[in-house]
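Okay, so here's the structure we're looking at.
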Amino acid sequence: MIRELIPYRDFERDEVFACISGLIKSAGQIDESSLAESASWYCDCAAKMAAAAERAGIAGNLWQTWLAMLVAENENPFSLAHERRGPLCGTMREFAMRDFETLFDCLHYDLRSIEEELRLGAAGLLDDFVPMTAGPVSFGRTAGAVIGELAAAMAAADSPAGLYEAAVSFYREHGVGKFGLYGGFRWDAHAREIVPAIPLEDIRLSDLIGYEEQKKAVVDNTTAFLDGRPANNVLLYGEGGTGKSSTIKALLNEYAPRGLRMIEVYKHQINDLETILEEIKLRNYKFILFMDDLSFEQFEVEYKFLKAFIEGGIEKRPDNVLIYATSNRRHLMKETWGDRLDKDDDMHESETMQEKMSLVDRFGLLIRYFSPEQKEYLHIVRSLAGEYGVEISDEELELGAIRWELKHGGFSGRSARQYVEFLAGQK
């Protein structure tokens, strides 16, 4: 059964699918000598499926849920073509249709007959799983809601053609693989792969008080990007604690349903950008490579790789990728008075300085975040106090806010939030 699959042939690498499908094929032929071992295999599979369903928060038939997860995650030429909404004809479509005939038989096979044959004494072991009512987001329940929808659609299919349509509809609406199930990612340099970031910070643009002009500029650029119109790489710069990083994080929460994906890349991982690009350039999503707190010391040369990456080489940089960065430095490069004093040692001093400062020119949109004045700072404090339910007089609130900023980095949105959270924690 499993060896008949073509587009979904990777299923044979999955131990649970290989075991259960093997038991289905050998149903009625399990002899006494292998009974105990087969029962152990089956229970191992049940344990893995139950753990996965609990992490995802999915109720229902564990076997059908597991198959839905495999279908949702499997990146093959057929599933990727439907994600890109490309041509839907060709031989691969026929191969996939044959695969779904096999998967339909697996999906609707009554495993209770196998449980009885294995003498497990618990018919319907996998039929009706109910997860705990609550679970942390880090347990993967973000993806679980999406997979649960696919599992229900697959279970409702009354024919291989119906199963085929359920999978195709899922690919067209959500995509396939990790990019179809999650919105935020980070680059794992050790594993050399893009991995989901769970949980994401739950922040919206409406949560960020002030900076309306700056937020509008970022939003306008991002929506143009999502709409397929020309858009720029973005650098948000200015004093610390003013909401630069929060603005970019909020974009993902706002626009992930429209196909926005975000990958966080650290400065020391810049040399891996080409590897990241290879994985995302042909996907049907818009990717923002997010570089937080970006700046370079004199001895660091990674900025040269970043310049080359942004500018593009012989191969055109894909239209579905932009870089959004934040920095406390306008020019990203540290500049000292010594640079100016040493100019006599450099025959082309102006060109050297221009080389160091030219990275920022690669960002078409530069947005300055100023520290708020006292009046704006206190407005942020009052707004946050209302949000957190802090009940003290305005006079006491503002006096405490002024005292707080003297010890915590001056007027900034970060200081305001820290102060209000401190008050909220005193209840």
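Could you check how much of the accessible area of the chain is carbon and sulfur, as a whole percent, using a 1.4 Å probe?
Carbon plus sulfur share of accessible area: 51 percent.
For Rg and Dmax of the Cα atoms in Å, one of [x] 21.9, 72; [y] 27.3, 90; [z] 22.2, 69 was computed from the structure I shared and the rest are decoys. Which label?
Step by step, Rg and Dmax of the Cα atoms in Å for this structure corresponds to label [y].
For the stretch 175-226 and the stretch 74-124, what is the centre-to-centre distance using only Cα atoms, to the nearest Å?
After rounding, the separation between the Cα centres reads 33 Å.
Can you work out the FRET efficiency for the pair Ala224 and His379, with r the C-beta to C-beta distance and R0 = 35 Å, to the nearest 0.05?
Efficiency for this residue pair is about 0.70.
Starting from the Cα of Ala27, step 7 Å along the direction of its Cβ; do the same at Asp319; then give the gap between the two resulting points in nm.
Modelled inter-label distance: 5.0 nm.
Relative to the present Cα-Cα distance, how much length would full extension add between Asp361 and Leu88 at 0.36 nm per residue of separation?
Value of the extension gain: 94.0 nm.
Ordering His174, His408, His268 by how much accessible area each has at a 1.4 Å probe, largest first, what is the list?
The ranking, largest first, comes out as His268, His408, His174.
Please identify, among His190, His379, His82, the residue showing maximal mean-square fluctuation in a Gaussian network model of the chain using a 10 angstrom Cα cutoff.
Sorting by GNM fluctuation, first place goes to His190.
Can you tell me the accessible area per residue over the chain, all protein chains present, probe 1.4 angstrom, in square angstrom?
So the chain comes to 51 Å² accessible per residue, rounded to a whole number.
Once all Cα-Cα distances of the stretch 1-63 are split into 5 Å bins that start at 0, what whole-number percent is in each one?
Binned Cα distances yield the sequence 3, 16, 22, 21, 20, 13, 4, 1.
Nearest-5 percent of antiparallel DSSP beta bridges in the chain?
20
Take the residue pairs Lys286/Lys375; Lys244/Lys286; Lys215/Lys267; Lys216/Lys407; Lys48/Lys244; Lys48/Lys281 and return only those whose Cα atoms are more than 30 Å apart.
Pairs exceeding 30 Å: Lys286/Lys375; Lys216/Lys407; Lys48/Lys244; Lys48/Lys281.
Sort Glu83, Glu117, Glu311, Glu101 from largest to smallest accessible area, using a 1.4 Å probe on the heavy atoms of the protein chains.
Descending accessible area places them as Glu311, Glu101, Glu117, Glu83.
For the stretch 187-204, in order, what is each residue's ³J(HN,Hα) by Karplus, 6.51 cos²θ - 1.76 cosθ + 1.60 with θ = phi - 60°, in whole Hz (x at glycine and Pro)?
Karplus-based 3J(HN,Hα) across the stretch 187-204 equals 8, 8, 5, 5, 7, 6, 8, 8, 10, x, 9, 9, x, 7, 5, 7, 9, 10 Hz.
From the protein chains alone at 1.4 Å, what is the descending order of accessible area for Phe370, Phe129, largest first?
Phe370, Phe129
Just name one of Gly28, Tyr8, Leu399: the one whose Cα is farthest towards the positive end of the charge dipole of the chain (beta-carbon charges, Lys/Arg +1, Asp/Glu -1).
It is Leu399.
Might you work out the accessible area of Asp188 for me, using a 1.4 Å probe with all protein chains in place, and round it to the nearest 10 Å²?
That residue has around 40 Å² of solvent-accessible surface.
Can you send over the solvent-accessible area of Leu120, 1.4 Å probe, protein chains only, in Å² to the nearest 10?
Surface accessible to solvent at Leu120 totals approximately 50 Å².
Any idea what the relative contact order of the stretch 9-137 is, in percent, if you count C-alpha pairs under 8 Å spaced at least 6 apart?
36
Suppose R0 equals 22 Å. What FRET efficiency, 1/(1 + (r/R0)^6) with r the Cβ-Cβ distance, do His108 and Glu4 give to the nearest 0.05?
0.85
Give me the percent relative contact order of the stretch 1-75, please, defined on Cα pairs under 8 angstrom at least 6 residues apart.
28
Provide, for q = 0.10, 0.12 Å⁻¹, the log10 of I(q)/I(0) from a solvent-free Debye sum over equal Cα point scatterers in the stretch 1-115.
Each listed q corresponds, in turn, to -0.34, -0.48.
Please label the shape of the stretch 142-184 as rounded, prolate or oblate, based on the square roots a ≥ b ≥ c of the eigenvalues of the alpha-carbon gyration tensor (a/c under 1.5 means rounded; beyond that, a/b larger than b/c means prolate, else oblate).
Oblate is the answer for the stretch 142-184, as a/c is 1.5 or above yet b/c matches or exceeds a/b.
The values are calculated or read from the model by the stated rules, or taken from the named source; none is laboratory data. In this text, all values refer to a predicted model and were calculated from it rather than measured experimentally. Cβ coordinates were reconstructed from backbone atoms using ideal geometry, including for glycine residues, and neighbour counts include every protein chain displayed. Surface areas here come from the heavy atoms of the whole protein model, side chains and all, with no ligands, DNA or RNA. Shrake-Rupley method; radii C 1.70, N 1.55, O 1.52, S 1.80 Å.
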